[in-house]
Amino acid sequence: MHTRSCDAMHRKAMFLTVAATILLGGIPSEGPAAEEHLPRIETVLVTGTRLADGPEIATTVLDRSQIELLSPGSTTSLLRAIPHLYLFENGGPGGLSFASLRGGDPNFTLVLVDGVAVNDPTNSRGGGFDFNQLDPATIERVEVHRGGISAIYGGEALSGVIHFITREAAGTQIAASVGNQGQRQVNATASGTLSDSVSGLVSLGRTEFEASASQRYRNEQALFKLRGEADKARGDLLLSIGDQAANAFPEDSGGELSTLEAIEYRDGRQLIASARGSLDLGNSLSATALLSHTDHREDSDHPGIAPGVLDGVPPSMIRSRYEQTTLDVNLAGYAGDNLRAVAGTTLRLATGRNDGFVDFGAPVPVDYRLEQNVLSAYAEAGWIRGRVSANAGLRIDDPEGFRRETSLRLSASYAPTPRLSLTAAASEGYKLPSFFALAHPLVGNPELQPESSEAWELGVAFSSSELRIEATYFNTTYENLVDFDPEAFSQVNRGKLRMEGLELGTDWAVTSMIHVAASASYLDAKPTEGEGALRRRPEWLANLQVSAQLNPRLRGFLAIRHRDQVIDSSVLTGPMTLGQFSSVDAGAKWSPKEQVEIGFIAENLLDLEREDAIGLQEPGRTWRLSVTLRI
């Protein structure tokens with residue numbers, strides 16, 4: 001994941017106008033804000049802390065109204081609307097999809113579903129999560145925190161957290177959509193009260209995409225939720241079952257540039273089950289317990305990659321399985337109006353195994369099994385007095401087979417005026433080597449040590465009833481990175497990376513009918529030793545979205561998303577530069593009756609070329625027609 005290639009080309013001038021516009025915003029309308037009329041992306045502090053009333057730093061929330069307006073064909077498509085997040089697909093739409101925050105590797109981002117970690121460390125991707133596994137119809141909101149918070153959530157959160165919160169009170173509805181390139185979606189959701197104190201939800205969905213034999217996937221997901229409430233207690237049960245199948249070009253194969261055009265076939269299954277209970281103990285104290293279990297299985301039939309500029313990859317057939325059981329218990333309380341605190345402990349029991357072979361002319365088994373137990377203790381405290389707030393988090397992880405790790409995070413906020421706020425944060429983190437890197441019989445290295453990070457950031461924000469403008473500078477250094485050494489033919493710890501950048505954003509209710517959200521982020525990513533650019537780290541990202549509530553029954557949006565050029569590499573070609581691209585998306589939702597909503601969505605409206613990986617041209621213009629019936 002840390003491949004170096006030619007020097008990065010700097011093309012900042014073309015974005016200076018965009019950046020200046022975002023910083024300066026505009027003259028806000030004197031009319032009322034559009035919050036009650038228009039869906040919007042809000043910046044609030046939710047996932048970045050276990051406490052209420054913490055400092056507001058680098059967290060973005062995409063709520064259900066915005067998700068419904070965007071009507072995404074996949075969760076991958078949905079995440080493209082998140083500011084400052086770089087999302088890419090390996091092998092085209094049927095391939096694996098990953099997200100990068102602030103230049104970190106995809107496996108540096110912790111992915112949560114209703115508070116349950118779902119990263120899988122058994123595969124060669126080192127723990128990155130494939131977002132095509134989630135049905136967007138089951139998502140109530142997405143919370144993305146940018147920046148390392150290992151002190152809050154543990155080792156996987158080196159670069160940040162993407163948290164999916166699933167639907168709750170959705171009513172009863174049936175939604176279906178159809179589009180070009182074999183797009184088909186259907187979802188049925190029912191929720192309601194079973195008694196005065198018990199409510200539940202059932203959601204069943206299926207998504208299909210078939211642009212070609214090399215770009216095809218199917219996802220089926222069932223979601224079941226149950227909630228019981230009493231005067232001083234609440235309990236939640238969750239069960240999510242998913243089944244996926246996909247065809248795509250192998251990662252790093254060169255895709256359509258290759259004369260072989262061999263296809264990788266993958267089948268996956270995922271189960272997430274959890275039980276959460278909370279109890280009001282009185283005297284400003286409450287207790288919460290979460291017991292969860294995840295089971296992820298994947299079968300891969302890899303055709304191999306013929307040698308090119310780089311050495312080829314032999315064919316393989318692999319079956320992997322990762323199971324994780326976690327118990328988290330904490331006690332939270334507050335003293336007066338100024339002090340909040342939470343302390344708890346987590347026990348994680350994980351098992352990963354790999355079965356199959358690599359074909360070197362004769363099948364060579366690559367079976368392994370690894371168990372890993374981690375016992376953790378954490379504490380977080382927040383203090384607020386007038387215009388000043390501060391937050392401190394400390395976590396101690398004791399992973400079996402590794403040294404004890406301590407992670408610290410400090411943050412603070414100061415509001416010199418009611419409309420202006422200044423924020424600062426510093427953190428340190430670590431990530432255990434993946435099961436694949438430790439135990440794979442051909443390339444694994446049991447002597448690997450954890451990767452680590454040190455990060456700090458400074459932010460400033462201006463807010464009024466109609467306008468919010470913010471800017472954040474961040475600086476992160478990663479050390480002891482796990483990488484593949486072709487000479488040793490093994491995973492090794494080596495190198496240091498520095499990520500430095502700037503995130504700019506504005507959120508403007510122009511009138512009661514029109515809302516504008518814009519963002520731009522700049523990233524300077526490079527090794528601290530030697531020269532060269534890093535793979536898949538665009539220097540600039542920019543988003544602009546205009547939403548309009550044209551009348552009580554009609555709303556629409558227009559979005560422009562831009563990615564700067566990036567360095568990529570394939571076995572066939574070696575390192576190459578992929579050009580910049582922009583995508584224009586548009587859509588509208590119309591409700592002829594209160595129970596019926598009809599939508600039309602067009603992505604890449606101008607049919608511009610887009611390439612996330614070498615030789616893997618993304619589909620051109622796509623469109624979908626959707627109908628939702630509420631009962």
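The values are calculated or read from the model by the stated rules, or taken from the named source; none is laboratory data. From a predicted model like this one, the values you see are computed outputs, not experimental measurements. Note: ideal-geometry Cβ built from the backbone for every residue, glycine included; neighbour counts use all protein chains shown.
Going residue by residue through the stretch 156-173, is there one that turns out to be assigned to a loop (DSSP other than H, G, I, E, B), surrounded by fewer than 24 Cβ atoms within 10 Å (Cβ to Cβ), out of contact with any helix residue (DSSP H, G or I) (no Cβ under 8 Å at 6 or more places or on another chain) and among the hydrophobic types (A, V, I, L, M, F, W, C)? Scanning the stretch 156-173 turns up at least one residue that is assigned to a loop (DSSP other than H, G, I, E, B), surrounded by fewer than 24 Cβ atoms within 10 Å (Cβ to Cβ), out of contact with any helix residue (DSSP H, G or I) (no Cβ under 8 Å at 6 or more places or on another chain) and among the hydrophobic types (A, V, I, L, M, F, W, C).
Could you check how many residues of the stretch 128-177 are acidic (Asp, Glu) and more than 27 Å from VAL329 (Cβ to Cβ)? Explain how you work it out, then say what you get.
If we filter the stretch 128-177 for residues that are acidic (Asp, Glu), which is where we start, we get 130, 135, 140, 143, 156, 168.
Imposing the further condition that a residue be more than 27 Å from VAL329 (Cβ to Cβ) reduces the set to 130, 135.
Matching residues across the stretch 128-177 total 2.
Working only within the stretch 455-467, note down all residues that are surrounded by fewer than 19 Cβ atoms within 10 Å (Cβ to Cβ) and either touching a Gly at 6+ places or on another chain (Cβ under 9 Å) or closer than 26 Å to SER427 by Cβ (or both). Result: TRP456, LEU458, VAL460, PHE462, SER463.
Filtering the stretch 471-510 to residues that are surrounded by fewer than 17 Cβ atoms within 10 Å (Cβ to Cβ) and outside any strand (DSSP E or B) leaves PRO486, GLU487, ALA488, PHE489, ARG494.
Against the criterion of being among the charged types (D, E, K, R) and under 29 Å from SER124 (Cα atoms), GLU220 qualifies.
Here's the yes/no breakdown for (1) surrounded by 14 or more Cβ atoms within 10 Å (Cβ to Cβ); (2) over 25 Å from the mean Cα position of the chain (by Cα); (3) under 20 Å from LEU550 (Cβ atoms):
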{"site": "TRP590", "(1), (2), (3)": "yes, yes, yes"}
{"site": "LYS593", "(1), (2), (3)": "no, yes, yes"}
{"site": "VAL596", "(1), (2), (3)": "no, yes, yes"}
{"site": "GLU603", "(1), (2), (3)": "yes, no, no"}
{"site": "ALA613", "(1), (2), (3)": "yes, no, no"}
{"site": "THR628", "(1), (2), (3)": "yes, yes, yes"}
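Checking each residue in the stretch 434-470 for being closer than 30 Å to PHE489 by Cβ and not in a loop (DSSP other than H, G, I, E, B) picks out PHE435, PHE436, ALA437, LEU438, ALA439, GLU451, SER452, SER453. Of everything in the stretch 511-560 that's more than 21 Å from LEU79 (Cα to Cα), of a type in the set (A, V, I, L, M, F, W, C) and assigned to a strand (DSSP E or B), which residue is modelled with the lowest pLDDT? Within the stretch 511-560, the match that is modelled with the lowest pLDDT is ALA533. Within the option set GLY255, GLY242, being touching a helix residue (DSSP H, G or I) at 6+ places or on another chain (Cβ under 7 Å), over 18 Å from GLY182 (Cβ atoms), among the small types (Gly, Ala, Ser) and crowded, with 17+ Cβ neighbours inside 10 Å holds for one residue only, GLY242. Being within 20 Å of VAL116 (Cβ to Cβ) and of a type in the set (Phe, Trp, Tyr) holds for only one residue in TYR334, TYR414, TYR378, and it is TYR378. Checked across the stretch 590-611, the condition of being hydroxyl-bearing (Ser, Thr, Tyr), within 17 Å of THR76 (Cβ to Cβ) and in a strand (DSSP E or B) holds for no residue.
Has the stretch 244-254 got any residue that is among the hydroxyl-bearing types (Ser, Thr, Tyr) and either under 30 Å from ALA335 (Cβ atoms) or not in a strand (DSSP E or B) (or both)?
Here is the first cut: in the stretch 244-254, the ones among the hydroxyl-bearing types (Ser, Thr, Tyr) are 253.
This time we only want the ones that are either under 30 Å from ALA335 (Cβ atoms) or not in a strand (DSSP E or B) (or both), so: 253.
Looking for residues that are among the hydroxyl-bearing types (Ser, Thr, Tyr) and either under 30 Å from ALA335 (Cβ atoms) or not in a strand (DSSP E or B) (or both), one finds at least one in the stretch 244-254, hence yes.
Out of the residues in the stretch 63-95 that are aliphatic (A, V, I, L, M) and crowded, with 24+ Cβ neighbours inside 10 Å, which is farthest from GLY255 (Cα to Cα)? Before you say what the answer is, go through the steps one by one.
Going through the stretch 63-95, the residues aliphatic (A, V, I, L, M) turn out to be 67, 69-70, 78-79, 81-82, 85, 87.
With the extra rule that they be crowded, with 24+ Cβ neighbours inside 10 Å, the set shrinks to 70, 81.
Details: LEU70: 30, ALA81: 26 Å.
This residue is LEU70.
Condition test on ILE241, is it within 24 Å of the chain's Cα centre (by Cα) and among the β-branched types (Val, Ile, Thr)? Criteria met by ILE241.
Quick check on ILE567: is it over 20 Å from THR76 (Cα atoms), in contact with a Pro (Cβ under 9 Å, 6 or more places away or on another chain) and in a strand (DSSP E or B)? Criteria met by ILE567.
Evaluate the stretch 539-547: report whether one residue or more is closer than 30 Å to LYS593 by Cβ, touching a residue at least 12 places away in the same chain (Cβ under 8 Å) and crowded, with 21+ Cβ neighbours inside 10 Å.
Quick first cut of the stretch 539-547, residues closer than 30 Å to LYS593 by Cβ only: 545-547.
Applying the additional criterion that residues be touching a residue at least 12 places away in the same chain (Cβ under 8 Å) yields 545-547.
After this cut, where a residue has to be crowded, with 21+ Cβ neighbours inside 10 Å as well, the list is 545, 547.
Yes.
Can you name the residue in the stretch 258-277 that is more than 30 Å from PRO315 (Cα to Cα) and crowded, with 17+ Cβ neighbours inside 10 Å and is also nearest to the chain's Cα centre (by Cα) among such residues? Selected residue: ILE272.
Answer yes or no: is there a residue in the stretch 66-73 that is β-branched (Val, Ile, Thr), within 11 Å of the chain's Cα centre (by Cα) and more than 26 Å from GLY352 (Cα to Cα). Within the stretch 66-73, none of the residues are β-branched (Val, Ile, Thr), within 11 Å of the chain's Cα centre (by Cα) and more than 26 Å from GLY352 (Cα to Cα). Inside the stretch 293-323, residues that are over 26 Å from the mean Cα position of the chain (by Cα) and either more than 27 Å from GLY254 (Cα to Cα) or in contact (Cβ under 8 Å) with a residue 60 or more places away in the chain (or both) make up a count of 9. Among the numbered conditions (1) at pLDDT below 90; (2) of a type outside the set (S, T, N, Q); (3) more than 23 Å from the chain's Cα centre (by Cα); (4) buried (at least 16 other Cβ atoms within 10 Å of the Cβ), the only one that ARG184 does not meet is (1). Please determine whether any residue of the stretch 424-433 is modelled with pLDDT under 95, in contact with an Asp or Glu (Cβ under 8 Å, 6 or more places away or on another chain), part of a loop (DSSP other than H, G, I, E, B) and of a type in the set (S, T, N, Q). No - not one qualifying residue is present in the stretch 424-433. Got at least one residue in the stretch 122-134 being of a type outside the set (Phe, Trp, Tyr), at positive phi and either without any contact (Cβ under 8 Å) to a residue 60 or more places away in the chain or not in a loop (DSSP other than H, G, I, E, B) (or both)? For the stretch 122-134, residues of a type outside the set (Phe, Trp, Tyr), at positive phi and either without any contact (Cβ under 8 Å) to a residue 60 or more places away in the chain or not in a loop (DSSP other than H, G, I, E, B) (or both): absent.
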